[in-house]
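The values are calculated or read from the model by the stated rules, or taken from the named source; none is laboratory data. Bear in mind that the values here come from a model prediction, so they are computed numbers and not experimental data. Using ideal geometry, Cβ is built from the backbone for each residue, glycine included, and neighbour counts are taken over all protein chains shown. The accessibility values were calculated without ligands, DNA or RNA, using every heavy atom of the protein model including side chains. Shrake-Rupley method; radii C 1.70, N 1.55, O 1.52, S 1.80 Å.
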Amino acid sequence: MDPSTTVDWSGALVPVLVAAVVLLAPGLVVAKALGLDLFDALGVAAPLGLAVLLVGGTAADLVGLGWSMVGGVLVLLVVTAVGAVLARLLTRRDPEPAPAGSSHWTAWGFAGGVAAATVATGWKVVHGTTRADAVSQMPDIQFHLQAVDQLVQQDSASPLKSGDVWFYDPISYPGGLHSLAATVASWTGAEVVVASQTVLLVCAALVWPLGMVALVRRVVSPNGWVLAAAGLISLSLFYAPVALLSLGGAWANLVAASLVPGALIPLALATMRPTRPPARVVVAAALAFGAAALAAALAQPNAAYTIAVLALGLTAPTVLTWGRWWVLGFVGVLVVVVAAWIVPRQPAMFDVPVVPDLSTRRAVLLLLKNGDVPLWAGGVLALLTLAGVGIALVSRAWRGVAVAWAVTFAFALLLQFGDRLPVTYLTWPWWSGYARIANMLGVAVVLAGCVTVATIVRQLERVPRWASVGGGVLGLAIVAVVAVPATTSVQDSIRDSYFPRDTRFYYATADELVDLRTLADELEPGSIVAMDPFGGGGFLNLMGPRTVPIGPFYEGTPETDLVDARLDEAASDDDVCAAVADLGITHVLTGGDEVMYYSWLEPTYEGIEAVPGSAGFSMVAEAGDYELWAVPPACAPTS
């Protein structure tokens, strides 16, 4: 990262194109081989494409093949071809017939809905971040960008190769974002910041609407008006995945959330029908759904829980009517999901504060009217949603939509109030985070809203054609106008995260990033720096050197806790000196502006703050407010 130069979004068109092709093309081929039609294949292409990328990146790493553009493309071609051949051999079936009611207007509605959501969401991201190389001021951004940079440096795209980053465990924390962003950076020469931003843009502005509109076609209706409305409703959500861009630490959640609707399409294809599906349909759906859900989980594990909740709700009303074996299978899956909720829960999740600061009435209103958008706009979406839920309840074909909405709304409502322990116990897979759970609700909201639209369209088909066309245009115009407040609100929230109006919230200003680059140039390769992450020091790792996270924001060890409290005593205390050597610390970064994020942690870094002037430490360089110190020679690591 070179903070002395900037990259406008107009200069990031090639990385955007590469990210879209890498993510969608392989998955589209595999989906077609499984027998999915074009619309279903487009919807599920991204999660299947990510699965191909992760398999290819891991395989290339295992055989020692570097992830250059030539080598990487060859690997992806081989993995895609093998996946397509296996899919065809296992399913041996023709594409699924188009849903009842399909016409040539289906394609126009699909394209229009996706295009509207893509343009509006792209506008949110581009105008919210201002530049493609802008750095969000959230703390976890340092971790994500360092993980991507490490893959680039190691010429790899394996999610298992970026594990040596702070507290990162590739099995239990996202690898999909890092592998995809590293691929874009390696193949285009873009900086890791630019590559990461382009991946987020593609996922929020293309992957999410493709999956959502395709899911509406399969679950609700293939009518062109309905599909166009699906795109407009999906962009009108303040809690659509793009909203997660304003939380730098939730980048991986944005990628995973954008994959959820597409991952559900194969399951809906096989189970949301009045009669039991043929065996080959079940096999194809199981393969596609399994690969897509796994890829989403590797982007962010809580996506697996999101998919499970939505899948069980959508399929229950039909599957439970198909006989004893289907009921037993459904119950078995439910037991597995419950076990996955109970067994692997992390005790750390119970430390996340959940403050019941809303009344029940306010909480319900907040969720129904789409978060922080004005009541006049949120009210329209709430009416569409509630009407759709009511219609779905009395409709056998759509009843799963009502169940999915009720369950996801209950989770979102639960997080707004209640005792701390029950809330965290039930919501820990999403880190008890409102934005993550609200996104799950968003999928059900779009489906429910489209049920209302589909019902209105059916009524319009009974009137003269000129009246039905006029009614359709008027309805889409109303939904488009309703979408404007959410578009503006999300854009503002993104801007406030990247360029906060209150500069006290900065981790590092543009000038401070230049200062950190100056200090990084003074370090030898292999240097490891202890720093205060709340003073901007964590951004030093984006300039090349590795840093050691010290302090209460991270899950500390006895060594890091000792360094945090008494680093300044390294020259006189053998225990502190040994901790410094064990951690491999060669230098200490001091200075920088204090920030306000996560102030509830009350971070303290007495040992680091007291280093200037302490015995044994020698200043190596200084730039701006920052000073770089070498640790006492006796405490320096031996290798």
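Can you compute the FRET efficiency between Leu334 and Thr6 using 1/(1 + (r/R0)^6), with r the Cβ-Cβ distance and R0 = 56 Å? Round to the nearest 0.05. Step by step, r from the Cβ atoms, then E = 0.65. Remark: segment 7-117 is approximated by an ellipsoid whose semi-axes, taken from the C-alpha gyration tensor as √(5λ), come to 28, 23, 8 Å, largest first. For the chain, the share of accessible area belonging to carbon and sulfur comes to 65 percent (1.4 Å probe, ligands and nucleic acids excluded). FRET efficiency for Arg362 and Val394, Cβ-Cβ distance as r, R0 = 35 Å, nearest 0.05? Given R0 = 35 Å and the Cβ-Cβ separation, E is 0.75. Note on the chain: dipole from Cβ charges, positive end direction compared against Leu160, Thr509, Leu375; the farthest Cα belongs to Leu375. Taking Lys and Arg as +1 and Asp and Glu as -1, the other residues whose beta-carbon sits under 14 Å from that of Ala486 total 0.
Our Cα-only numbers for the chain put the radius of gyration and Dmax at 25.5, 91 Å. With the simple spin-label model, which puts each label point 7 Å out from Cα in the Cβ direction, the Asp625 to Asp492 separation comes to 2.8 nm. Taking each residue as 0.36 nm, the span from Ala410 to Leu426 lengthens on full extension beyond its C-alpha to C-alpha distance by 4.7 nm. Grab the beta carbon distance between Val70 and Leu160, set R0 = 30 Å, and tell me the FRET efficiency rounded to 0.05. In this case the efficiency is close to 0.85. Remark: segment 58-75, residue by residue, has Karplus-estimated 3J(HN,Hα) of 5, 5, 4, 5, 5, 8, x, 8, x, 8, 6, 5, 5, x, x, 4, 4, 4 Hz, where x stands for each Gly or Pro and the curve is 6.51 cos²θ - 1.76 cosθ + 1.60 at θ = phi - 60°. Between Ala621 and Leu628, the built amide H atoms are under 5 Å apart, and every one of these is 5 or more places off in sequence or on another chain. Label-to-label distance, Ala467 versus Leu77, with points set 7 angstrom from Cα along the beta-carbon direction: 5.9 nm.
Residues whose amide H falls under 5 Å from that of Ile528, counting only those 5 or more places apart or on a different chain, are Thr586, His587, with hydrogens built in the peptide plane. Taking 4.7 Å between C-beta atoms as the pairing limit, the chain has these partnerless cysteines: Cys203, Cys450. The residue among Ala204, Pro274, Ser236 whose Cα reaches farthest toward the positive pole of the charge dipole of the chain, with charges on the beta-carbon of Lys, Arg, Asp and Glu, is Pro274.
With just the Cα atoms defining each centre, how far is segment 54-90 from segment 269-322? Give it in Å. Value for the Cα centre distance between the two parts: 26 Å. Think of the chain as having a plus end and a minus end, set by charges on the Cβ of Lys, Arg, Asp and Glu; of Val184, Val403, Leu53, Val403 sits farthest toward the positive end of this dipole. What's the longest piece of the chain with no exposed trypsin sites (Lys or Arg not before Pro), counting a site as exposed if DSSP puts it in a loop and it has at most 16 other beta carbons within 10 Å? Excluding the exposed sites themselves, the longest stretch runs over 94-344. Rounded, prolate or oblate, given the Cα gyration tensor of segment 96-159, with a/c below 1.5 counting as rounded? The shape class here is oblate.
For the chain, a simple Cβ point-charge model (Lys and Arg +1, Asp and Glu -1, everything else neutral) yields a dipole of about 5300 debye relative to the Cα centre. Taking the Cβ of Trp225 as the centre, find all other residues whose Cβ is under 15 Å away and add up their charges (Lys, Arg: +1; Asp, Glu: -1). Around Trp225, the charge tally is +3. Among the chymotrypsin sites (Phe, Trp or Tyr not before Pro) found in segment 183-254, not one is both in a DSSP coil and sparsely packed, with 13 or fewer other Cβ atoms within 10 Å of its Cβ.
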